[in-house]
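Computed from the coordinates by the stated procedures, all read-outs in this text should not be read as laboratory data. Fair warning: this is a prediction, and the values are worked out from it, not measured in the lab. Cβ placement follows ideal geometry from the backbone for every residue including glycine, while neighbour counts extend to all protein chains displayed.
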Amino acid sequence: MTEQKGPGCLPPQVDTSFFLLVNGAHSPIVDDVMLLASAVGRAGFVWWTTALMAMVFPRRRMAAFRLILAVALAYRLVDGFIKPVVGRERPFDVVVDARLIDQRPVTSSFPSGHTAAAFAGALAAGRLFPRARLAWWLLAAGIALSRIYLGAHWPTDVLAGAALGLAVGWWVLGGRAVRPPTRGAAAQAPATP
């Protein structure tokens, strides 16, 4: 096993060991699920589709626009700026035992663009459809895990992509906390300490 080089918040041997643990656990059914998770995350497909469907409703158009903006900015920041500067090798180019399932990506590894878009998208989609917030976060986590499982990314690529996506999403949404919808006049009354 060859050690990877490049940025990472974990020691290289821990990053490599965790990569091999996730990437080495294969079954045909899980392969298909992970391929699907990665495919719906490719180029922000699921987030673009969600936003375009939401734009049909006038009250959701601005939130849908923010979803598109968050995903587009996350992708542009990762693929247009960070990856070309960092130039980290992909695990399948470094680790002898790595198993690549799916297409061979042509960009460098750090950070994960799928993951950055997924976490920016989950944050913004949670604002757009608050009742589906848990589903958006589970989808984002599935997309992130799929990138390691399929052999395309190191765990630290995914962690960095998640952090970057959250930061971009937070910035696009104005840094405001999401408050649950209130109902009735009692909910509008100020809370007493």
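So for region 109-160, what percent of the C-alpha to C-alpha distances run longer than 15 Å? Counting pairs separated by more than 15 Å, the tail of P(r) holds 41 percent.
Each Cα pair under 8 Å and six or more residues apart adds its sequence gap; the mean of these over the residue count of region 68-180 is a relative contact order of 35 percent. For region 34-113, averaging the sequence separation of C-alpha pairs within contact (under 8 Å, six or more residues apart) and dividing by the residue count gives a relative contact order of 28 percent.
Between Leu100 and Met55, the contour length at 0.36 nm per residue exceeds the Cα-Cα span by 12.5 nm. At an R0 of 30 angstrom, the distance between the Cβ atoms of Phe45 and Leu21 translates into a FRET efficiency of 0.60.
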